Amino acid sequence: MKVILSTDSIRFPLTGIGRYTYELANELVRIPDLDLLFLKGHQLSESHVYEEAGLGAPSNSINQNLRHQLSQNQFAQNLYRGLNNFRQSAILKKHLDAVYHGPNFFLPNFGGRSVVTIHDLSVFTWAHCHPAARVKVMEKEIVKSLKQAQLLITDSEFTRQEVSRFFNWPLERVHSVPLACSGEYHPRTPDECVQVMRKHGLTWGGFSFFSGTIEPRKNIDGLLDAYAQLPLALRKKWPLVLSGYPGWQSEGTHERLKKAEQEGWARYLGFVSAEDLPVLYACARLFVFPSWYEGFGLPVLEAMASGTPVVCSCAASLPEVTGGSALMCDPADTETLRDLILRGLQDEPWRTKASALGLTQAASFSWQRCAMQTTQVYRKALG
């Protein structure tokens, strides 16, 4: 079976969809009866995905800043997308016997069989949590992809049901294929974490942790509201530490974080390297994630795989990811969130139980399983 996988989303540093594509590709190459080709930009090759990702290369801040600036320029984005789609379509004309997989919402013009991964519908159902220009482009491209694709892949059963209802797609043509987290996320001893803790000025089990883009959909303002209601002595004993890129409409949140830092009960680390992040998960006392909406919720899974107890919202896909191992509440219920954080920090019997349940639940997800189930979708698309 011949498969073409788009790897445009794989770029250093790996986050979100780039991580998904990278891990999926590295498992697909291990499936013996797949003739797998990678499409990056307008180059089609059998190159190993490690080379495509450029992992191990130092982060180039100039390139990162340039990419960020271009991502804010709608004209540049449209020009790039149009030119890239034209070039890719020309290449793909020679491979109409293949299944094309777009792992990042979008499909180029292709006359063969195609599959697209729809990670969530936030640009439709939570449009107010995205820049208007992004919503406009993504809505158009997703609708175009749905007209072309034979089958859809989603990260969770929640998103599978949501996509089917929203677009009136036959449910049997939408397949839920759960994600996983990489092997770097696992329990660690204090001695294993010393250097990273010292680097970031943290102590073993001495903080609550949040990881994700600082943006409205993550409900960080609600988290700050809940944490601010805890006794000051407890907040200073176990401050709230956040990591992640500054996102859209986050200026007010950053002002609140600065004030909380001055008061001694919060820290914002910014973007944390792929080497340090798993260590921070493992040495946190509690992971908190009160998001309004998730298509999957990979940070929660990473916390569970690290043996760290979790308090999160019960929104969207998060209940199926946590599998009953976390304390959960409505993301709008700040008082209950405060109470659950308090329990998560202080209730030792629950913490021990939650850590064990979380490890068991996290072990049920794997990238190998993700690749095998994705391959089954490819076969069905050829059908």
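The values are calculated or read from the model by the stated rules, or taken from the named source; none is laboratory data. Note that the coordinates shown come from a computational prediction; the quantities given were computed from them, not determined experimentally. Cβ placement follows ideal geometry from the backbone for every residue including glycine, while neighbour counts extend to all protein chains displayed. The accessibility values were calculated without ligands, DNA or RNA, using every heavy atom of the protein model including side chains. Shrake-Rupley method; radii C 1.70, N 1.55, O 1.52, S 1.80 Å.
Where in region 126-158 is the amide nitrogen less than 19 Å from a point lying 7 Å along the Cα-to-Cβ axis of residue 332?
126-130
Would you kindly find the accessible area of residue 197, with a 1.4 Å probe and non-protein molecules such as ligands, DNA and RNA excluded, rounding to the nearest 10 Å²?
Using a 1.4 Å probe on the heavy atoms, I get roughly 20 Å².
Compute the longest continuous run of the chain that contains no exposed GluC sites (Glu not before Pro); treat a site as exposed when its DSSP state is not H, G, I, E or B and it has at most 12 other Cβ atoms within 10 Å. Intermediate values should be presented prior to the final figure.
Numbers: sites that count: 46, 275.
For GluC sites (Glu not before Pro) (loop position, at most 12 other Cβ atoms within 10 Å), the longest site-free span of the chain is 47-274.
Inverting the mean 1/r over all pairs of different Cα atoms, compute the Kirkwood radius of the chain and quote it in Å. Numbers along the way, then the final one.
Values: mean 1/r = 0.0460 Å⁻¹.
For the chain, the Kirkwood estimate is 21.7 Å.
Run the numbers for residue 150 and residue 173: contour at 0.36 nm per residue of separation, minus the present Cα-Cα distance, in nm.
Difference between extended and current length: 7.5 nm.
Can you give the accessible area of residue 191, probe radius 1.4 Å, in Å² rounded to 10?
So the heavy atoms of residue 191 present about 130 Å² to solvent.
Could you please put 380, 2, 353 in sequence from largest to smallest accessible area, using a 1.4 Å probe?
Values: 380 105, 2 40, 353 125 Å².
Ranking 380, 2, 353 by accessible area, largest first, yields 353, 380, 2.
Sticking with the crude label model, points 7 Å out along Cα→Cβ, report the distance from residue 96 to residue 134 in nm, one decimal please.
If labels sit at residue 96 and residue 134, their model points lie 3.8 nm apart.
Please give the contour-minus-distance gain from residue 232 to residue 353: 0.36 nm per residue of separation, less the Cα-Cα distance, rounded to one decimal in nm.
Values: separation 121, 0.36 × 121 = 43.56 nm, distance 2.70 nm.
Stretched out fully, the residue 232 to residue 353 stretch lengthens by 40.9 nm.
Working from Cα positions, state the angle (0 to 90°, nearest 10) between the long axis of helix 348-363 and the longest principal axis of the chain.
The angle comes out near 10 degrees.
For helix 190-200, what angle does its Cα long axis make with the longest principal axis of the chain, in degrees from 0 to 90 and rounded to 10?
90 degrees
Over the Cα atoms of region 90-187, how large are the radius of gyration and the largest Cα-Cα distance (Dmax), in Å?
When restricted to Cα atoms, region 90-187 yields Rg and Dmax of 14.9, 48 Å.
What FRET efficiency comes out for residue 380 versus residue 343 if R0 is 35 angstrom and r is the Cβ-Cβ distance? Round to the nearest 0.05.
0.20
Assuming R0 = 35 Å, what is the FRET efficiency of residue 271 and residue 225, from their Cβ-Cβ distance, to the nearest 0.05?
0.90
Run the simple label-point estimate for residue 199 and residue 258 please: 7 Å along Cα→C-beta, distance reported in nm.
2.7 nm
If amide hydrogens are placed 1.01 Å from N in the peptide plane, which non-local residues have theirs closer than 5 Å to the one on residue 153?
116, 117, 118, 175
Per 0.36 nm of contour for each residue apart, how much would the distance between residue 33 and residue 373 grow if the chain were fully extended, relative to their Cα-Cα spacing?
Gain on extension, residue 33 to residue 373, equals 121.0 nm.
Which whole-number value in Å² is the accessible area per residue of region 143-284, probe 1.4 Å?
44 Å²
Which are the unpartnered cysteines of the chain, meaning those with no other cysteine Cβ under 4.7 Å from their Cβ?
Isolated Cys, the chain: 129, 181, 312, 314, 329, 370.
Summing Lys, Arg as +1 and Asp, Glu as -1, what charge do residues with Cβ under 15 Å from the Cβ of residue 222 carry, residue 222 excluded?
-4
Give me the net charge of residue 264's neighbourhood, meaning all other residues with Cβ under 14 Å from the Cβ of residue 264; Lys, Arg count +1, Asp, Glu -1.
+4
To test your reading of the geometry: what angle, between 0 and 90 degrees and rounded to tens, separates the Cα axis of helix 61-71 from the longest principal axis of the chain?
70 degrees
Given the rule -39500 (n - 2.57) for each run of at least 4 DSSP H residues, summed and divided by the residues of the chain, what is its mean residue ellipticity at 222 nm, to the nearest 500 deg cm²/dmol?
Details: 17 runs with 184 residues, N = 383.
Result for the chain, helices only: -14500 deg cm²/dmol.
Where does each of 281, 268 land when they are ordered by accessible area, with a 1.4 Å probe and the largest first?
Working: 281 0, 268 55 Å².
Heavy-atom accessible area, descending, gives 268, 281.
On a C-alpha basis, how far is the centre of region 90-161 from the centre of region 330-383 in Å? Whole number, if you could?
25 Å
When the solvent-accessible surface of protein heavy atoms is calculated with a 1.4 angstrom probe, in what order do 220, 91 fall, highest first?
Descending order: 91, 220.
Taking a 26 Å limit on the Cα-Cα distance, which of the listed pairs 93/144; 258/353; 147/380; 136/259 fall beyond it?
Long pairs (Cα-Cα over 26 Å): 258/353; 136/259.
Pairs of Cα atoms under 8 Å, at least six residues apart: use those to get the relative contact order of the chain, whole percent.
That works out to 16 percent.
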